[in-house]
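Notes to accompany the following structure.
No lab work stands behind these numbers, since they all come straight from the coordinates. What you are looking at is a predicted structure, and each value in this text was computed from that prediction instead of being measured. Here Cβ is always computed from backbone atoms with ideal geometry, including for glycine, and neighbour counts include all displayed protein chains.
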Amino acid sequence: MIRHMSLGVRNPETVAAVLAEMTGARAIRAPAPPFPFGSWFVVAGDNRGTSLEILPSTAVFDPRSPLGLRHRASEPACSGAHVLIDSVCTAEQIFTLAGKQGWPAQEVETGMFRIVKLWIDEYVLVEVLPAGESERYVENFGASGLASLDTKLRQLETDLSDGLARKFSPSVITDALGAPAGG
């Protein structure tokens, strides 16, 4: 489904190089124009043409701009968007690479697969499937898991709701997740 995604970061060249190392991909400088100056690609070289576009953090897509993008004066705040990528590295190797860049990292068992969350520049979330975890992801979200996916997600929802309710106040949960529809 997804062929590429753009991420805006402070140092596109460094981020592209690190993500390329984590994924076994290749970092290639993007052409400027049409991309903002300083942009890079992380190209998987797979049979689907999968890639990431790594742009300067001040570049934004804007339908009102003659070129469809423009620069803003400051960096963004946190975002509602993120990406999940496969890695050729172990979780430990991912933590090492992230640590060298000063990126906060957290390992999370989702109940369906395990990821390492990377916070690039403390506002760009990249979730990384360590080597060997993509199989678990595909078991649930791939063709063979699709028939039982909704059932698994509802069970996960129930399990997590109970656990969060024991750990956090209702206001903390509502601040993070919002309120259920009709509630």
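Take every Cα pair under 8 Å whose residues are at least 6 apart in sequence, average their separation, divide by the length of region 65-183, and the relative contact order is 20 percent.
Residues whose amide H falls under 5 Å from that of THR50, counting only those 5 or more places apart or on a different chain, are ALA44, GLY45, with hydrogens built in the peptide plane. Just checking the listed ones, LYS100, LYS117, LYS167: in the Gaussian network model of the chain with Cα springs under 10 Å, the one fluctuating most is LYS167. Dipole magnitude for region 44-103: about 260 debye, using +1 per Lys or Arg Cβ and -1 per Asp or Glu Cβ, origin at the Cα centre. I want to verify a result. In a Gaussian network model of the chain, Cα cutoff 10 Å, which of these has the top mean-square fluctuation: ARG166, ARG26, ARG72? Highest fluctuation of the listed residues: ARG166. Only DSSP H runs of four or more residues enter the estimate; each adds -39500 (n - 2.57), and after division by the residues of the chain the mean residue ellipticity at 222 nm equals -10500 deg cm²/dmol. Scanning residues 5 or more positions from ARG29 or on other chains, those with amide H under 5 Å from its amide H are PHE41, with H placed 1.01 Å from N in the peptide plane.
Scanning residues 5 or more positions from PHE168 or on other chains, none has an amide H under 5 Å from its amide H, with H placed 1.01 Å from N in the peptide plane. Taking the alpha-carbon distance from LYS100 and a cut-off under 18 Å, which lysines remain once sequence neighbours fewer than 8 residues away in the same chain are dropped? Hits, sequence-local ones excluded: LYS117. Highest mobility in the GNM of the chain, judged by mean-square fluctuation with C-alpha springs under 10 Å and restricted to PRO66, PRO130, PRO31, is found for PRO66. For region 166-172, the Karplus equation 6.51 cos²θ - 1.76 cosθ + 1.60, evaluated at θ = phi - 60°, returns couplings of 6, 9, 10, 6, x, 5, 5 Hz by residue, with Gly and Pro reported as x. Note on the chain: dipole from Cβ charges, positive end direction compared against ALA20, PRO31, LEU129; the farthest Cα belongs to PRO31. Computed from backbone phi with θ = phi - 60° and the Karplus coefficients 6.51, -1.76 and 1.60, the 3J(HN,Hα) list for region 15-25 is 4, 4, 5, 5, 5, 5, 5, 5, 9, x, 9 Hz; x is used for glycine and proline.
Helix 91-101 axis versus longest C-alpha principal axis of the chain: approximately 50°, rounded to the nearest ten.
This structure gives Rg/Rh (Cα atoms, Kirkwood Rh), computed directly, and of [x] 0.95; [y] 1.13; [z] 1.00 that value is listed as [z].
The local environment of SER161, defined by Cβ-Cβ distances under 12 Å, has a net charge of 0 under the rule Lys, Arg +1 and Asp, Glu -1. Electrostatic tally near GLN93: other residues with Cβ closer than 12 Å to its Cβ, Lys and Arg +1, Asp and Glu -1, net -1.
Could you give the size of the charge dipole of the chain about its Cα centre, using +1 on the Cβ of each K and R and -1 on the Cβ of each D and E, expressed in debye and rounded to the nearest 20? Mind dumping the intermediate values first?
Numbers: 16 positive and 21 negative charges, 101 e Å.
Value, rounded to 20: 480 debye.
Across region 31-43, computed HN-Hα scalar couplings (Karplus, 6.51 cos²θ - 1.76 cosθ + 1.60, θ = phi - 60°) run x, 10, x, x, 8, x, 4, x, 7, 9, 10, 10, 10 Hz from first to last residue, x flagging Gly and Pro.
For region 34-110, what is the convex hull volume of its Cα atoms per residue in Å³? Show your work: numbers first, answer last.
Details: hull volume 13.1 nm³, N = 77.
Considering the Cα atoms of region 34-110, their hull volume per residue is 170 Å³.
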